[in-house]
Amino acid sequence: MYKAITPSRARYPRIDVAATTRFILSVQQENGEIPWSAGGKTDPWDHVESAMGLTVGGCHQEAKKAYIWSAQTQLDDGSWWSYYENGKPQAGAYKDSNMTAYIAVGVLHYFLSTGDRRFLREMWLTVSKAMDYVVSLQCPGGEILWAKRADGSVDEAALLTGSSSIYISLDCALRMARILGEERLHWERAKRRLGKALRHKPHLFDQSKARFSMDWYYPVLCGAVTGNEAHQRIERSWNNFVVPDLGVLCVCDNPWVTMAETAELVLSLCAMEHYDTAEMVFGWLTDKRYDDGAFWTGLTFPDGEIYTREKTAWTAAAVLLAADSLYDLTPASGLFRQNNGKT
């Protein structure tokens, strides 16, 4: 049963931040690219997430190198292909709006951590092109279509999780614009319309994804749903997705908890300022790791089998971001908390 407990904040994480950061570094390639795992594929969203993990761990130059890779591989229309392997897009790759938008979150996170205004300015064109591409896929109802195919056709579905992530990406891009003295009124309009769709028009989004826990907590994590509505949303489906002492289910109808989703629930609870509940959930993560600092991707139950054995950099990064939000490890720890309540 969900119970919000908020009065205190712990002072230290119960994980080895340095070891987990070194693991992400071991996956990063010389050109700055950060695949899912050593020798694996790369997608633009998880690449940025991993770069944010490096920033939490204090590896600022390596994180900067990752963002430079993003800038150098950006397509002319502002997007990226959904999957890369050996520097080339995989067969069947598409242009995902959420994957494209997330660069704004990563770059602002880097700036908040380092204060590097020059690099913020250097990345502005990359972020600006990405957000213009994403906004071009917004529908009259406010939802944002999720992808363009290689032939240029548009998939007509809008995804609740992806659009929620785009919401915070727009927020971060607008914060960057204000810092740099830029004006992007069309982004502001797009964010308002998207927020209204996420809060009041669930029918606009693909309902087949409701079995995924991300559709449950992402509108809270990304600041589109706040206050009492956020509390009610988390409470309503807590028992559907949370396995006490283990973590958060990937989907409600399969017995598999995943560490990244568990870490993201921690971020969502921090966005609500429910820190003690967040710390309780974070505690379920601390023993689900390898000796090298990587975290298990998932765990089946009741048999307790690690699934899969692939060591993913983005899982490690999600845990580091959760630790930062909960324990204030860096100047960027309030990124998700500060977004909470903005519309």
**Prompt:** Out of ALA210, ALA278, ALA197, which single residue is open to solvent by 10 Å² or more (accessible area, probe 1.4 Å), over 18 Å from TRP296 (Cβ atoms) and out of contact with any Lys or Arg (no Cβ under 7 Å at 6 or more places or on another chain)?
**Reply:** ALA210
**Request:** Could you check, for region 161-169, whether at least one of its residues is in contact with an Asp or Glu (Cβ under 8 Å, 6 or more places away or on another chain), farther than 22 Å from TYR218 by Cβ and at pLDDT 95 or above?
**Result:** no
**Asked** Mind checking which residues of region 55-79 are part of a loop (DSSP other than H, G, I, E, B) and open to solvent by less than 10 Å² (accessible area, probe 1.4 Å)?
**Response** GLY78, SER79
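One line per residue, one yes/no per condition, for (1) open to solvent by less than 10 Å² (accessible area, probe 1.4 Å); (2) modelled with pLDDT of 95 or more:
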residue: GLU85; (1), (2): no, no
residue: ASN98; (1), (2): no, yes
residue: VAL107; (1), (2): yes, yes
residue: GLY115; (1), (2): no, yes
residue: PRO140; (1), (2): no, yes
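To keep it simple, each residue is scored yes or no on (1) among the charged types (D, E, K, R); (2) in a helix (DSSP H, G or I); (3) touching a residue at least 60 places away in the same chain (Cβ under 8 Å).
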| position | (1), (2), (3) |
| --- | --- |
| ASN98 | no, yes, yes |
| VAL105 | no, yes, yes |
| LEU112 | no, yes, yes |
| GLU122 | yes, yes, no |
| THR126 | no, yes, no |
| LYS129 | yes, yes, no |
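Scan the helices (runs of 4 or more DSSP H) fully inside region 142-257 and keep the ones with 2 or more residues being in contact (Cβ under 8 Å) with a residue 24 or more places away in the chain, over 16 Å from the mean Cα position of the chain (by Cα) and farther than 23 Å from VAL107 by Cβ.
Working: elements: 160-180, 185-200, 213-221, 227-241.
Hits in region 142-257: 185-200, 227-241.
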**Asked** Residues of region 281-312 being open to solvent by less than 20 Å² (accessible area, probe 1.4 Å), part of a loop (DSSP other than H, G, I, E, B) and touching a Leu at 6+ places or on another chain (Cβ under 9 Å), which ones?
**Response** LYS288
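The values are calculated or read from the model by the stated rules, or taken from the named source; none is laboratory data. These figures come from a predicted structure and were not determined experimentally. Quick reminder, even Gly has a Cβ in these numbers, built from the backbone with ideal geometry, and neighbours come from all protein chains shown. When the accessible area is computed, the model is the full protein with side chains, heavy atoms only, and any ligands, DNA or RNA have been set aside. Shrake-Rupley method; radii C 1.70, N 1.55, O 1.52, S 1.80 Å.
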